[in-house]
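The values are calculated or read from the model by the stated rules, or taken from the named source; none is laboratory data. On a predicted model such as this, the values are computed, not experimentally measured, just so you know. Quick reminder, even Gly has a Cβ in these numbers, built from the backbone with ideal geometry, and neighbours come from all protein chains shown.
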C-alpha cells in the first residue's frame with residue numbers, strides 16, 4: 001500500500017484536534033449551516049480540524065461553502081463570493097446561513113451565534129472582526145497577463161519600493177518548492193503598495209522578475225508571504241490549492257498550512273480536486289460537496305468520480321481504509337469469475353464515512369449502479385444487510401485477522417509466504433522468526449506490515465501486506481467465499 005507518509009507527526013494532528021474540541025482558539029469558525037444557499041438546504045458543516053479541505057465535482061458546491069464561511073467576517077464583502085446580477089439572480093432571495101463561532105473578545109466562555117441572510121435584495125449580517133485572507137484562482141494567472149502589472153513592463157521600470165522577503169518566508173517557500181529562493185524580494189509597483197510583484201536571483205546571480213516566474217512558483221511565494229504577515233488567529237481561504245503546483249508541492253503546501261495552524265492559531269479552508277492535497281489530513285478534516293449534499297470523511301477524488309457517474313462501474317464497494325480495499329480486491333481476484341474492472345473499491349478513512357457515503361449513494365435517484373459497505377470485523381454492530389452493510393472476515397481489524405490466520409499455520413505456509421515476499425525460499429526460517437517476533441511485540445496492527453518489512457531487508461509495507469493477503473486468500477477459501485456470497489447478485493460476473 002503506497003499511502004503517502006506525511007512529515008506531519010500524528011501527535012501534531014491529535015494536538016490540533018484536541019485544541020478545536022476544547023474551544024482553545026481565540027477566534028475559530030466551529031460550524032456553519034446552509035439553511036438555503038444555491039443548491040443546499042439545511043446542510044451542516046463542522047470544522048473539527050483547523051485545516052479543512054472541500055472536495056467535490058465541478059459545480060458541486062465547494063466554493064459555495066468557502067464563501068459561506070467568509071461571510072461570517074467583516075473583512076469579506078458578500079459580493080466576493082455571492083455577487084448579484086440584477087433580475088438574473090432573483091433566486092438569491094431568502095438565502096440564509098447560520099454560524100457557530102468562537103470569538104473570545106465577544107464571549108470568553110461560550111460560542112457565538114451569527115446569521116447572514118439575503119432579503120429585500122441585499123445581504124443582512126452581523127459579521128464579526130477577524131482577519132481573512134482570500135487566495136482565488138487568479139493568483140496563478142501569469143504576470144504577463146495581469147493588467148495591473150502593465151506599469152512594470154519596459155526597460156525603464158523601477159519599483160517604488162524593494163523589500164527583501166522575510167527569512168521565514170524564504171524558508172517555508174523553499175521547502176514547498178523544493179529549491180532555495182534566497183535573494184528574492186517583493187516589488188511595489190506604485191507608491192500605494194497595493195500592487196506588487198516579486199523578483200528573484202538565478203544561481204548565477206542574475207536578477208529576473210515575476211514575468212519569468214512559473215505560475216506555481218509565484219503563487220507559493222505570494223501565499224506564504226501573506227500568511228506569514230497575517231495576524232495570529234486569521235482565517236485563510238484558498239480556492240483550488242493545487243493550481244500550478246506539482247503533486248509533491250501540493251502536499252508540502254498543505255503540510256505548511258497545518259504548521260501555520262499550530263504556530264499562528266490560524267484556520268484554513270481550501271477547495272481542491274487533488275488527492276495529493278488530502279494526503280496529510282485526517283478524515284474529519286475533509287468535506288465533500290455533492291450537488292446539495294455534504295459528507296465528512298476521506299472521500300477521495302476517485303471515489304467522487306465513481307459516485308457522480310464520471311467513472312463507469314457496475315458496483316461500488318466502500319470500505320474503511322486502504323488495507324480493507326486491498327483485502328477485498330484480493331478476495332475477489334482469488335475467488336474468480338468476477339468482472340473486477342466493473343467494480344470500484346474505495347477506502348473512506350473510517351467506518352462512519354463508509355456508511356454515510358454508501359447511504360448517500362443508494363439514496364441518490366440518479367444513481368445508475370448499486371453500492372455496498374464492507375466494514376472491519378470489529379464493527380459488526382453496524383452491519384445491516386437491508387442497507388447493504390456487511391463486515392469483512394474476522395472479529396477484529398482486518399490486519400489483525402489476516403496476521404493471526406497466517407501465523408496460526410505459519411510452519412505450513414512459510415515457504416509460500418517467503419516466495420510471495422519476493423525472498424529466496426531458503427529464508428523461510430528467517431521469515432518465520434521475524435513474523436513471530438513482530439506479532440509478539442507490535443502494539444498497533446495497522447503498522448505491522450511496515451515493521452515486518454523493515455526487518456526483512458526494508459521490503460515495502462505494501463509488498464508485505466499483499467503477500468499476507470495472497471496467502472490468506474489461498475489458505476482460507478471459506479472466508480473468501482463468505483465475503484463474496486454476501487455480495488451475491490450485486491457482483492458483476494465474467495462471461496464464461
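Among the residues of region 146-160, none qualifies, meaning not one is closer than 20 Å to residue 269 by Cβ and outside any strand (DSSP E or B).
Scoring residue 489 on the criteria (1) modelled with pLDDT under 95; (2) touching a strand residue (DSSP E or B) at 6+ places or on another chain (Cβ under 8 Å) leaves a single failure, condition (2).
Scanning region 240-248 turns up at least one residue that is in contact with a helix residue (DSSP H, G or I) (Cβ under 7 Å, 6 or more places away or on another chain), part of a helix (DSSP H, G or I) and under 21 Å from residue 62 (Cβ atoms). Being touching a residue at least 24 places away in the same chain (Cβ under 8 Å), in a helix (DSSP H, G or I) and within 15 Å of the chain's Cα centre (by Cα) is a condition met by no residue of region 337-351.
Taking the listed residues 161, 150, the one that is assigned by TED's automatic domain parsing to the domain that holds residue 209 and over 22 Å from residue 227 (Cα atoms) is 150, with no other qualifying.
When you check residue 248 against the structure, is it in the same structural domain as residue 63 (by TED's automatic domain parsing) and either farther than 25 Å from residue 275 by Cα or surrounded by fewer than 21 Cβ atoms within 10 Å (Cβ to Cβ) (or both), yes or no? Yes. Only residues that are at pLDDT 90 or above and surrounded by fewer than 21 Cβ atoms within 10 Å (Cβ to Cβ) were counted in region 283-312, giving 0.
Screening residue 136 on (1) closer than 29 Å to residue 271 by Cβ; (2) touching a strand residue (DSSP E or B) at 6+ places or on another chain (Cβ under 8 Å); (3) surrounded by fewer than 19 Cβ atoms within 10 Å (Cβ to Cβ) shows it passes everything except condition (2). Residues in region 406-459 that are outside any helix (DSSP H, G or I), within 24 Å of residue 394 (Cβ to Cβ) and in contact (Cβ under 8 Å) with a residue 40 or more places away in the chain: 409, 421.
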